[in-house]
Amino acid sequence: MRMLALLAGLALAGCTQVHAPDRQERQHPTIVSLNPCSDAVLAEIADPVQVLALSHFSHDPVSSSMDVSKARQFASVSGAVEELLALGPDLVIAGSFLPPATRAALSDFGVPVMTVPIATSVEESQQQITQLARAIGYPERGRALNARIDAALLRAARPDGSGDISAIVWQAGGIVPGEDTLVADLLRRTGFQHASAARGMAQAEYLPLEAMLADPPRVIFAAGNLRSGENRLLSHPALAALPDTIRAPLDPALLWCGGPTIIRAAERMAQVRKRAAQTQ
């Protein structure tokens, strides 16, 4: 029954769809991405005609890790099987949480799925870039993007002879990232001590205001919309009374995705580190 329903949906979708070249006629595979982190990488390294659609997350400023105006140059999908099959991609790129039923349906129709989990380090992200670039037929573009990331990290590295500066990434609701996360790796690479991890705190653990005030770091990266009512903790007036602590906004979009997002995150962290070093 599932197969019949899918076929019926595809037949209707095909009434208005422009015929795409046969797979054998294409030099490089066509792609649909359901992973917002992969979206940003593909927008950098794939030919635009290869990318049939990105995830709907990248069209939303709240959830996108890339420039939304760039993301909106591509179509978007919600991830429903019918719309994926109607596009007829050679490859679907998904995260770790793709529903098993969706994966099974794509397999039934012979559509391969490449799983790209959330990267927990710069090295892992660069490995994913290499894998994606090979999968879409442009390994040299993957190498070029990785070289740009290496150059950005070199520019953002802690100056020789200077010590690490304690920093906490404080997200909306008062939660902090864990040790084995991309943002923790970036903090280390840009000359910060990951202070919440040094306190033994794990991923998404709650750090109350009282604990922050009792033992403040040199830098608080406020990773949230400070104008939002639900993020009042990040802009609490008591924080302003900490004489030796800098509060620096950090776009939440820079926290979890690797690829070109690493470049922007490293630049922001280096900017804040320079400010902190100058005002010590």
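Numbers below:
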{"read-out": "Helices (runs of 4 or more DSSP H) wholly inside segment 37-152 that include at least 1 residues being modelled with pLDDT of 95 or more and either assigned by TED's automatic domain parsing to the domain that holds residue 267 or closer than 28 Å to residue 224 by Cβ (or both)", "value": "68-71, 122-136"}
{"read-out": "Tally, over segment 154-172, of residues that are surrounded by fewer than 18 Cβ atoms within 10 Å (Cβ to Cβ), at pLDDT 95 or above and assigned to a helix (DSSP H, G or I)", "value": "2"}
{"read-out": "One residue from 62, 68, 41 being in contact with a His (Cβ under 9 Å, 6 or more places away or on another chain), under 30 Å from residue 188 (Cα atoms) and either without any contact (Cβ under 8 Å) to a residue 40 or more places away in the chain or crowded, with 16+ Cβ neighbours inside 10 Å (or both)", "value": "68"}
{"read-out": "Qualifying positions in segment 218-244 - among the charged types (D, E, K, R) and at pLDDT below 90", "value": "227, 230, 232"}
{"read-out": "Flag if residue 28 is modelled with pLDDT of 50 or more and either in contact with a helix residue (DSSP H, G or I) (Cβ under 9 Å, 6 or more places away or on another chain) or in a loop (DSSP other than H, G, I, E, B) (or both)", "value": "yes"}
{"read-out": "Failed condition for residue 106, given (1) in contact (Cβ under 8 Å) with a residue 60 or more places away in the chain; (2) out of contact with any Phe, Trp or Tyr (no Cβ under 8 Å at 6 or more places or on another chain)", "value": "(1)"}
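The values are calculated or read from the model by the stated rules, or taken from the named source; none is laboratory data. These numbers were taken from a predicted model, which means no experiment stands behind them. Glycine also receives a Cβ, built like all others from the backbone with ideal geometry; neighbour counts cover every protein chain displayed.
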